[in-house]
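Shown next, in structure tokens, is the structure this report addresses.
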Amino acid sequence: MSTAVMTNQNTQTSPHLKARITGVFYLLTILTGIFAQGFVSGRLVVDDAAATATNILTHQSLFQLGFAVYLIEMACQIAMTALFYDLLKPAGKSISLVAAFLGLTGCIIKSLSRLFFIAPLFILGGAHYLRAFSAEQLQALALLFLKANDHGAAIALVFFGFYALLTGYLIVRSTFMPRILGVLSVFGGLGWLTFLYQPLGYRLFPYIAALGILGAALLMLWLLVFGVNEQRWKERARAALSTDHVPH
């Protein structure tokens, strides 16, 4: 073994620690998402445009906090996706890379959709150039932007569905993580793919979300508590490295 290879192995973060760090970012993604969606958006945004506008103007600081937490959620999810790519690479480097790109695409779409979430603050802010619109028109426009935010997030769910399918497949074949976690991820991914036709996705959302949250929670807890089987991870990594260096 060359000195360079030995140095690289010694300086690498252990897969067990890497799995736990991934679990931490997974937990932060879930908690920030629950807060921003459940305690901010779910509390302030209703189906009535006038009531929604009143809620936002009355709780501007909370609404701005929700926007900030949404961005933190996406930052954590991007970190989690990058770490998961590295963690699952021994189970299939190419598939793990494709999964990471699909997951990051979903993060980009969801982050951009948050521009529609924050837009009502500007629309309802009373700027002089908005005096051409009536109060009712501005309230309706604000609610329209919030609906666009929701539909943008729904589009992102499709990419997260593909991501969950591929990562679930990699977990099943990995040998260093329980297969049941991969199976749950695959079923969760299939659920999110119902948002390819959004009316169906919204209709089934309570059931899809329950399955998705169950799979995500179990995977997150496993990563935090147990990490990965380090011996098997290293065996798969060595096997993958040997395959990569086989002359063609």
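See the values below:
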| quantity | calculated |
| --- | --- |
| Portion, in percent, of the accessible area of the chain that falls on carbon or sulfur, probe 1.4 Å | 69 |
| Candidates Leu62, Leu165, Leu88: whichever shows maximal mean-square fluctuation once the chain is modelled as a Gaussian network with Cα springs under 10 Å | Leu62 |
| At q = 0.07, 0.15, 0.17 Å⁻¹, base-10 log of I(q)/I(0) for the chain (Debye sum, equal scatterers on each alpha carbon) | -0.30, -1.02, -1.22 |
| Peptide ranges 128-134, 42-48, 228-234 listed from the most packed, as the mean C-beta count within 10 angstrom indicates | 228-234, 42-48, 128-134 |
| Accessible heavy-atom area order of Ser61, Ser242, highest first, probe of 1.4 Å | Ser61, Ser242 |
| Segment Thr54-Tyr202, length gained on full extension (0.36 nm per residue, minus Cα span) | 50.7 nm |
| Solvent-accessible heavy-atom area per residue, rounded to whole Å², over the chain at 1.4 Å | 54 |
| Between helix 49-58 and the chain: long-axis angle, C-alpha atoms, 0 to 90°, nearest 10 | 80 |
| Ile213 accessible area, assembled protein chains, probe 1.4 Å, Å² | 110 |
| Cα centroid separation - segment 37-105 against segment 132-198, whole Å | 10 |
| Between 0 and 90°, nearest 10: helix 198-225 axis offset from the chain longest Cα axis | 40 |
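The values are calculated or read from the model by the stated rules, or taken from the named source; none is laboratory data. Note that the structure is predicted; figures quoted are calculated from it, not measured. Neighbour counts run over all protein chains shown; Cβ positions are idealised from the backbone, glycine included. Ligands, DNA and RNA are excluded from the accessible area calculation, which covers all protein heavy atoms including side chains. Shrake-Rupley method; radii C 1.70, N 1.55, O 1.52, S 1.80 Å.
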